[in-house]
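Every number here is computed from the coordinates shown, using simple stated rules; none is lab data. What you are looking at is a predicted structure, and each value in this text was computed from that prediction instead of being measured. As a convention, Cβ positions derive from the backbone with ideal geometry for all residues, glycine included, and neighbour counts pool all protein chains shown.
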Amino acid sequence: MKTYFVKSFEDDFVTKTLVGKEKKICQSLEQILKTGIIKPNTKSFGQKKRLSTTCLNDKYQKTYRPQGIIFETEEKPDVAMPFDAVLLSNAQKIVVHYYRIKDTLHEYYNHQLIEGYERFVFDDIAALVAAFPAPEIAWKSVNEFRLSKGHHVLPLSKYRLVEYNEIIFFRPIKIRPVALFGYHDMPKDLAKKYGLRCYRSAAEFYKKNVV
């Protein structure tokens, strides 16, 4: 079975990176489609700059943001995690919806990961799926971990953050674009320009092409 990855975007369809306290444009979606390369852009939680993506499978079809690109790559991820890394941080306020924090990322991402977080870090996707085959298993495990470290148990309102995994590359990667998704006109227009299909969501793509 093919492995499909997702990189999501803000609604302006560019990736951004933090430079000090300011967000700077890293790449546009069209630049990615033209070059076939996605660069690392995320800097957070005391870790080095990375490219955070999601790997789609039968249990994980949600995405960080509601629009983006679906792609294949022959390159191997450096790190695989069962959920958004923020759940392993010492942040006192965890926000589910990205749009609520996009103007204060320098504050939100300035937290540290909880000691022992490495138990949720895997070298490859197969090992991740074997340990955490479904979001409900990851949810139970991360709450047990947080409680054991003196942190509060996550309320059910944060469950969305375990519904997508986090597959990480520490370097630019070569990709083959497969499809775009989102409700805006831009992905539809770019999909037409580059000969790609466009879907309302990554889940719709998966159900129509994989399941």
- [ ] For each pair in 34/188; 23/188; 23/49; 2/207; 62/174; 7/49, compute the distance between the two Cα atoms and list the pairs where it is over 19 Å.
- [x] 23/188; 62/174
TODO: State, to one decimal in nm, how far the label point of residue 93 lies from the label point of residue 159, with both points 7 Å from Cα in the Cβ direction.
DONE: 2.5
- [ ] Positive end of the charge dipole of segment 1-88 (Lys, Arg +1 and Asp, Glu -1 on Cβ, about the Cα centre): tell me which of 1, 37, 87 has its Cα farthest that way.
- [x] 87
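In terms of the ratio Rg/(2.2 N^0.38 Å) built on C-alpha atoms, what value belongs to the chain?
Numbers: Rg = 16.5 Å, N = 211, 2.2 N^0.38 = 16.8 Å.
Rounded to two decimals, the normalised Rg is 0.98.
Can you give the extra length, in nm with one decimal, that the chain gains between residue 118 and residue 24 once fully stretched, where that is 0.36 nm per residue apart less the Cα-Cα distance?
On the way: separation 94, 0.36 × 94 = 33.84 nm, distance 2.97 nm.
The span from residue 118 to residue 24 would gain 30.9 nm if fully extended.
Compute the normalised compactness of segment 1-50: alpha-carbon radius of gyration over 2.2 N^0.38 Å, N being the residue count. Numbers along the way, then the final one.
Values: Rg = 12.3 Å, N = 50, 2.2 N^0.38 = 9.7 Å.
Ratio of Cα Rg to 2.2 N^0.38 Å: 1.27.
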Open item on the list: Let's see if you can work this out: charge +1 on each Lys and Arg Cβ, -1 on each Asp and Glu Cβ, no other charges. What is the dipole magnitude of the chain about its Cα centre, in debye to the nearest 20?
Closed with: 380
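Multiplying the sequence separation of residue 3 and residue 211 by 0.36 nm and subtracting their Cα-Cα distance, what value in nm do you get? Please list the in-between numbers first.
Working: separation 208, 0.36 × 208 = 74.88 nm, distance 1.27 nm.
Additional length available on full extension: 73.6 nm.
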